[in-house]
Amino acid sequence: MRKPVPLQLAFAMALSPLIAGFLGGMLVSFGLSFQLLADFTVLETLRTGLVTSIFGVIIAVFVCYAFGSPVMLAAWAIAHFAKWRTPLGMGLAMSGAGLIFAVLYLFNGRLIMEDVGQNPDIALLVTLPAGLIAGYMAGWFIGQLGYTDTAPSETVPGVNA
């Protein structure tokens, strides 16, 4: 079983919305720019994705801190008390939170579809994997930095915790 390191766990929890917002903003911005391939070259499409990702990351980081933190905190609590404290377990719990956040906020909130005027099917296909990947990486970071393995001297023989 892994035990929390309080200061590192607080640091990881404070940085996890930044990681999720950065990755989610980049993936959504680049994913939505691939719609331009029908009219532009690959280089122009990638350049457009890079420029829009700058603004997308700024917005996504703010949105993750403001609105995604409660969802991430709930997923962390589920993973922590279920003893899924490995980077893989915490990443899987947070990827579920990222998927829920993408569905609730980005899809049902129609943030992308109404403001930018994109096709809702493309936006859905881009935001769901972006939420999964961004949530997984944020959870992996929390599991890697915020917890450490227990030493054999700290465990009780015969007790499976």
Mean Cβ neighbour count within 10 Å, used as a protection proxy, ranking 131-144, 14-27 highest first: 131-144, 14-27
- line: For the range 1-68, the percent of accessible surface on carbon and sulfur atoms (probe 1.4 angstrom, ligands and nucleic acids excluded) is 81 percent
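Taking each pair of distinct Cα atoms in the range 5-53 once, what is the resulting Kirkwood hydrodynamic radius in Å? Please report the intermediate quantities before stating the final value.
Details: mean 1/r = 0.0812 Å⁻¹.
Evaluated on the range 5-53, it is 12.3 Å.
Where Rh is the Kirkwood radius over the Cα pairs of the range 34-112, the temperature 25 °C and the viscosity 0.890 mPa s, what D in µm²/s does Stokes-Einstein return?
Numbers: Rh = 14.6 Å.
Taking Rh from Cα pairs, D becomes 168 µm²/s.
The values are calculated or read from the model by the stated rules, or taken from the named source; none is laboratory data. Note that this is a predicted model, so its numbers are computed, not measured. Positions of Cβ are generated from backbone atoms using ideal geometry, with glycine treated the same way; all protein chains shown enter the neighbour counts. Only protein heavy atoms, including side chains, enter the accessible area calculation; ligands, DNA and RNA are left aside. Shrake-Rupley method; radii C 1.70, N 1.55, O 1.52, S 1.80 Å.
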